[in-house]
Amino acid sequence: MLDSLLKQNIAVLAAAILGALLVSLVLISGLVLRPQIERSAADTAQTIRNLELSFAQMDPFQQIHFAEALRADEAPDVLVAETAPDDANQLRSLFSRYFLRVLSDQHGISAPNVLVDAEGRVWARMVTADQPYWVSLRTLPAADPVAGLMVASGIALLAALAGGIALQRWIALPLRRLEETVGRMPNPSGVYGSAIERPREIAAVSRALTDMSERLQAAEADRAMMLAGVSHDLRTPLTKVRLTLAMVKDADAELIAGAERNVIRIESMLGQFLDLARGFEAEETRAVRLRPLLQQAIAACTRPGTIALDAPADAVVHVKEAAMLRAVENVLTNALRYGKAPITVSARVLDGQLLIDVLDSGSGFSPEQARYLMRPFARGSSARAGEGTGLGLAIVDQVAKAHDGDIVFEQGAGTFTARLRIAQAGIASSA
C-alpha cells in the first residue's frame, strides 16, 4: 500500500504528528488540567462547607431570608433554585466526571448532594428547616477544556498533514521531473540532459545520469563501429570463398556443394549475430500490409504450399518491417526444424493487439523451457546436433520488446503454438 516515497513520508508524518499530539494531551491533562480540577474541587468543597456552616448557625427565618436574598441577587456566579436543573444529572465530559470523583474521594461530598449541569455549574443541595435549596456555584469553566483541546488537536493534525503533503509534493517535484526526462529518452543509449540544479541531492543524481548517458552513447558508438568492421571483415572473405567455389571446375561436385552450404550457414549465423548485437530500436515503424509480409516470411523459409496462411487480405499494420520479417522467419524456422506438419500461420487483431500464431503438430516445450530458450545461445536438446545458433528465439523476443509486445508459447493436445503479440499495433483497412 505504501508503495511510493510520497505515501511513506505522509504516513511517517501523520504518525509523528499524532504521536506528538497524544503526548501533548497526556502532558496537558496531567500537568495542567488535573491540578486545575483538583483546585476547583477544593474551592467548591470549601464553599459548600461554608454555606452549610452558615445555614446551620441561622434560625429557620434567617435561613429563608438568606435563601431569598441569594435568589434575588442578580450576580451570575451564584444561583438559587428549589430543584436542580434537569440536565444536572447528565455528565457530558470527562472533566465533569473527574471533578465529581475528586469531590467524593478527597472531600467526602458526592451525589446526590452535588451535581454538575451542561454549562459547568456546580449545584449543591442545602437543607433548611423549611425546604431544601439548590445553590449553584461557578467553579468550573463554562466550556469543557478537554473537548476544546481535542478539537484544537484535530485541527492542528489536519493543518500539519496538509502542510506536510504540500511540502512533500514540492520536494518530490524534482524527482518527477527527473523521471519524466529519463522516460523521454528514445533508447538506453540516448542522450540524457536535464537542467535540475536543486535540491543538491537530486542535482547529483541528475548529473550522474548525464554522465551515464554520455558513457552509454560512447559505448554505443564504439559498438556500432565494431559491428560495421566485423561485418565488413567477415563478409568480404566469405564472398571471396563463394567466388572461388564458383570458379572451381574440376573439384568433386558434392564437396563443392557441401562447402557452399557451409558458407551459407556461416553467413546466416553472422547475420543473426549482427541482428542480435545491433538490436531493432533504430528501425522506424511504418505502415505495412500484413498478408504480404507473412507471405514473404513463409517464402523465405520453405517452398510454397508447405505452410498454410490465414490472415486478413486488406489489413495494414504499423511495425518495424525488417524486424518483424526476421521474427516471423525465426519462428517458422523453429517450427519446420523441430515441429511437425501441418504448420499454419494465422494473424488477427484482438483487444488492440496484433496476434501472429505459428501452429504446428509437435510437442513443443514447457513454459520453463521457453524462458531458457529465449536466452541468447540457449539450445534445446534436439537442436544441439543441428545447425542452429541458439539466437533465433532471443531475436524474436528482442523484436517483440521493440514493439512493446512479447512472445508466448502454448502446448495443446497434439499441437504447439508460438504466439507473437504486438501491443498497440495500429490496424486499418487498406484501400
Inset, instruction - Search segment 254-269 for residues being modelled with pLDDT of 70 or more and within 51 Å of the chain's Cα centre (by Cα), and hand back the single one that is nearest to L325 (Cα to Cα). - result: E267
Inset, instruction - Quick one: in segment 355-371, of everything that is modelled with pLDDT under 90 and outside any loop (DSSP other than H, G, I, E, B), which residue is surrounded by the most Cβ atoms within 10 Å (Cβ to Cβ)? - result: A370
Inset, instruction - Search segment 16-40 for residues that are among the hydrophobic types (A, V, I, L, M, F, W, C) and pair each with any residue that is loosely packed, with under 15 Cβ neighbours inside 10 Å when their beta-carbon atoms are under 7 Å apart and the residues are at least 6 apart or on different chains. - result: L21/A156
Inset, instruction - Kindly list the number of the only condition in (1) among the aliphatic types (A, V, I, L, M); (2) in contact with an Asp or Glu (Cβ under 8 Å, 6 or more places away or on another chain); (3) free of Cβ contacts under 8 Å to residues at least 60 places away in the same chain that fails for I64. - result: (3)
Inset, instruction - Would you check if there is a residue in segment 296-311 being within 43 Å of the chain's Cα centre (by Cα), at pLDDT 90 or above and within 19 Å of A400 (Cβ to Cβ)? - result: yes
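Here is a yes/no grid of residues against (1) assigned by TED's automatic domain parsing to the domain that holds V396; (2) in a helix (DSSP H, G or I); (3) in contact (Cβ under 8 Å) with a residue 40 or more places away in the chain; (4) of a type in the set (G, A, S):
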{"residue": "Q296", "(1), (2), (3), (4)": "yes, yes, no, no"}
{"residue": "A300", "(1), (2), (3), (4)": "yes, yes, no, yes"}
{"residue": "L309", "(1), (2), (3), (4)": "yes, no, no, no"}
{"residue": "V331", "(1), (2), (3), (4)": "yes, yes, yes, no"}
{"residue": "R348", "(1), (2), (3), (4)": "yes, no, no, no"}
Inset, instruction - For segment 56-76, indicate whether the set of residues that are more than 30 Å from W170 (Cβ to Cβ), surrounded by 12 or more Cβ atoms within 10 Å (Cβ to Cβ) and at pLDDT 80 or above is non-empty. - result: yes
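Please verify whether segment 37-44 includes one or more residues that are surrounded by 12 or more Cβ atoms within 10 Å (Cβ to Cβ), in contact with a strand residue (DSSP E or B) (Cβ under 7 Å, 6 or more places away or on another chain) and under 23 Å from Q106 (Cβ atoms).
Restricting attention to segment 37-44, the residues satisfying the condition of being surrounded by 12 or more Cβ atoms within 10 Å (Cβ to Cβ) are 37-44.
Of the ones still in play, those that are also in contact with a strand residue (DSSP E or B) (Cβ under 7 Å, 6 or more places away or on another chain) are 44.
Cutting the leftovers down to under 23 Å from Q106 (Cβ atoms) gives us 44.
Within segment 37-44, one or more residues are surrounded by 12 or more Cβ atoms within 10 Å (Cβ to Cβ), in contact with a strand residue (DSSP E or B) (Cβ under 7 Å, 6 or more places away or on another chain) and under 23 Å from Q106 (Cβ atoms).
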Inset, instruction - Would you point out the residue of segment 95-118, among those that are in contact with an Asp or Glu (Cβ under 9 Å, 6 or more places away or on another chain) and assigned to a loop (DSSP other than H, G, I, E, B), that is nearest to L137 (Cα to Cα)? - result: D117
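The values are calculated or read from the model by the stated rules, or taken from the named source; none is laboratory data. Note that the coordinates shown come from a computational prediction; the quantities given were computed from them, not determined experimentally. Reconstructed Cβ throughout: ideal geometry from the backbone, glycine too, with neighbour counts over all protein chains shown.
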